[in-house]
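Step one of this worksheet: look at the structure below.
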């Protein structure tokens, strides 16, 4: 009886190929496809609108936190004082007569009106000061004076501004003139003593 292996060499070859399976990759995660590498190197980018929204959210959170802290501080420090003052004032009013209460309310209203008038006057003075400052800077520029002199001008009103500018101009012109004269005195060559020839003139004569 012939040997089956010898009779069918093709079957033996197929069995050998089936037994020789490829070795598995010992580290399948070590190698990455180009698509995987691209995904890992991608960086998240934000548009300006997204950045603005993030900043707004962060600012809102900070503002909310700051507001909560301010309210808590007010409750602990200022609110008790206000309540105590209100209770004291209520007790004082209860002990007053009708005429005294009317007079107290009148004085309170007068004080509030005065405070409002003073605040309004201060705002008007500040607005006038800004206008006068602009005019002073223009005047200093026209006169050729340093613009920085606006800091020492009296801004009480237009007249005081003009007087300040005149005084500053006088002092500035005098200081410039004194400086020029002092420089001229130091730059004028001194006359040589008698009998000593001026080297500058001697050089000219040689030419």
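The set of residues in the range 122-160 being more than 16 Å from residue 172 (Cβ to Cβ), over 30 Å from the mean Cα position of the chain (by Cα) and assigned to a helix (DSSP H, G or I) consists of 158, 159, 160. A search for C-beta distances below 8 Å between a residue of the range 169-194 that is under 20 Å from residue 152 (Cβ atoms) and any residue that is assigned to a loop (DSSP other than H, G, I, E, B) and modelled with pLDDT of 75 or more, counting only pairs 6+ apart in sequence or on different chains, returns 169/143; 169/145; 172/145; 172/146. Do we find that residue 114 is closer than 30 Å to residue 90 by Cα, surrounded by 10 or more Cβ atoms within 10 Å (Cβ to Cβ) and modelled with pLDDT of 85 or more in this structure? In short, yes.
The values are calculated or read from the model by the stated rules, or taken from the named source; none is laboratory data. Quantities reported herein were computed from a predicted structural model and do not represent experimental measurements. Here the Cβ is made from the backbone with ideal geometry for all residues, glycine too, and neighbour counts use every protein chain on show.
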